[in-house]
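These notes concern the structure reproduced below.
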Amino acid sequence: MTDHLQTLKYIKSDVLSIWVSSKEQTGLNEYFHPLEQCLKKRFGIVNMAFLSFEGNSLIPVEEMATLTIETKLNAVSWLMIEASFYQQRMVEIPYILKEKEAYSKMTDMVLFQVEGKNPIGVLLVEATDAWTDFMTSNYGEESIETLTKVLQLMRENYEVKVNEDQYRKLYNMTDLFHSTMDIDLILENVLKNIKDNFPEFNVELILSNDQDRHTTIDIKLFDYLSERPATIEAFVSGELTTELASDLNCRVLNAPIKGRQAIYGILQVSAPTTYLFSTTEKDFVRMLAQTSGNALENAKLYHQSHRLVSDLQLINETSHRLNMRIGINEMLLFLQKQLMKSFQPMEVCFAFKHNDTFEVTDASTALFNTEKGQTFIKHVEQHFKSTNDPLFIADFSRLTPTHIEYRSIMAIPILMEEKINGFSIVLHKEPYFFSFDSFKLMQSLIHHSSLAIANSILRHQLQEMVDLDHLTKLYARSYLDKYVEKSLINDQSGMFLLIDIDNFKRVNDTYGHQIGDKILMQIAVQLKEMIGARGICARWGGEEMSVYVPNIDEKEAIELAEEIVAVIPNTTDPRVTISAGLITWDELYRPAFQSVFLHADTALYEAKNSGKNRFCMHDRPYKIN
């Protein structure tokens, strides 16, 4: 018994020495090598092995440095031998271990486990007489208890040392994250830290589509249609997943990058198929992803608050500008500029309903006047036939088998009285270029602009009602007065032709007023075709009409008046003739405003009294043969 007590003292002395030196060890195997030497020295043991507990498996300690699939396959299931230790610390080695060649000579099996905790591991030995004699003595159980406590401390010390560097980096990264709102810097440090810990593995950041598209960091966009099921599961559930991707010849670890409000993407690590991620490695990647998720969320919220202020300023500036009673074309050109500045699209379109189709306005870029542009116009037009909801397409190429150059689309309706009066489209060649925040901003911008646009259209329509004659669509007398008055001040010359339909009362009495109105409209159409953009045509009143052309010489004015008098009888049904009074002016003779109309009226009176179907010039009659 004295020898056994002395042996126990030696073991405790050796264990103390092992514990002191264990703090300098760098690998798990190095922790157990001194213990092996102690047992061999005290009991003459030649053949022994230590199986470390790892994830419900018992794995040889020398294979713990790098877990592989082969290691896992050769591991011993803890559940299969747990029952062997029923209320005992040391038992005979079971058959399941005995049949393995490496353990075929082993006889005894010792369990090291602190009560209430997972096992530390199992020691297999080929017993010697000294071993058996000591372990069956009263001191055997005490020695196992001593070794268990020290092994538990050694294992915990090893885990602390393994994790220390990783968590120091994680702490430093967290400290950095709390001091920056730079999304690029956050993503860059996530990649750097994960690559430092897994230098030989491939690492990818897969971010959701609503992230900033202009980051300089190499990222991949999350795509539900192309991502692997395990990646989608991690993104949806917020839980870490692993997958043996045989088709890619790798083992994939997916860690969700999540904050308190949402999941922003996946941190994906791809290792060889034979590699197994340890619990510690999984925990580290999970915490790294979560820390980066919180930092990314804070940065996004910071930038979002600034963007919201900027968006409000944009909407306020746009609303203020559009409510300044500017013309519809000027309004749309300003809105085009705002869309270009805010969303950086490659193409912009504004289209408004005319009859049953949508016509592209001059505020649109050139693409929409081509066949390529019509593809998008027709698609958007078809969409708005069934709904007033705005259109957001991240990748248009998925909707058509043909090649599409522009893949990102946003289309917002322009409403008047809850009905679609037009729409605005922005395009970009790159898929997923526009974020959902951009989509919401464009909705708000067009919504606020719609009222100003509608008011401008109504003002234009109202002005047309004031400026145009309802029946003939020629300019009204009031508009003509302003036009002539301005021309007399600004232009070099001009002509005014006052026209009266001959015997128009007889036409109304013979054919009725409806035919009379038809003749008025026929003459109006003919006058507008002949004058075009050179001047204006107006309804003077009743059956009288007028033509005013600025910057025209007397000879050309006379030829035009002759042509008008000659053409009208051939373009009316029933046929009518006209009489007209002409006055011309130039820099040598610039009559007063009221004199223009008076002299033209006098000349018309002369034409009527001299036989009709002719025009007379102020003081100079001309007859049509």
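What follows draws every value from the coordinates through simple rules; no lab data is involved. Values in this document were obtained by computation on a predicted structure and should not be read as measured data. Note that we place each Cβ from the backbone using ideal geometry, even for glycine, and neighbour counts take in every protein chain shown.
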What do the square roots of 5 times the Cα gyration tensor eigenvalues come to for region 403-460, in whole Å, largest first, as semi-axes of the equivalent ellipsoid? 26, 12, 8
With the calculation restricted to Cα positions, what are the radius of gyration and Dmax of the chain in angstrom? 46.5, 158
Restrict the search to region 553-597; then list the GluC sites (Glu not before Pro) that DSSP places in a loop and that have at most 12 other Cβ atoms within 10 Å of their Cβ. 587
Between the modelled labels at residue 98 and residue 378 (7 Å from Cα along Cα→Cβ) the distance in nm is 8.3
Calculated [θ] (222 nm, deg cm²/dmol) that DSSP helices of n ≥ 4 give over the chain, each run adding -39,500 (n - 2.57): -16000 deg cm²/dmol
Relative packing of 566-574, 499-507, 600-608, which averages over residues the other C-beta atoms within 10 Å, highest first: 600-608, 499-507, 566-574
For residue 105, the lysines lying under 19 Å Cα to Cα, once residues fewer than eight places off in the same chain are dropped, come out as 40
Over the chain, what is the relative contact order in percent, taking alpha-carbon pairs closer than 8 angstrom and at least six residues apart? 7
Can you work out the base-10 log of I(q)/I(0) for region 367-520 at q = 0.20 1/Å, using the Debye formula on its C-alpha atoms alone? -1.23
Would you list 222, 384, 615 from fewest to most Cβ contacts within 10 Å? 384, 222, 615
In Å and whole numbers, how far do the C-alpha atoms of region 477-623 stretch along each principal axis, longest first? 47, 29, 23
FRET efficiency, 1/(1 + (r/R0)^6) with R0 35 Å, evaluated for residue 184 and residue 159 via beta carbons: 0.55
Can you tell me the dipole magnitude for the chain around its Cα centre, using point charges on the Cβ only (Lys, Arg +1; Asp, Glu -1), in Debye to the nearest 20? 1140
How far, in nm, would the chain grow between residue 601 and residue 225 when pulled straight, counting 0.36 nm per residue and subtracting the alpha carbon separation? 127.5 nm
Using a Förster distance of 56 angstrom, determine the FRET efficiency expected from the C-beta separation of residue 534 and residue 397, and round it to 0.05. 0.70
Proximal lysines to residue 341, defined as alpha-carbon separation beneath 22 angstrom and excluding residues fewer than eight positions away on the same chain: 300, 429, 440
Using all Cα-Cα distances in region 2-162, what percent lands in each 10 angstrom bin from 0 up to the longest? 10, 41, 38, 10, 0
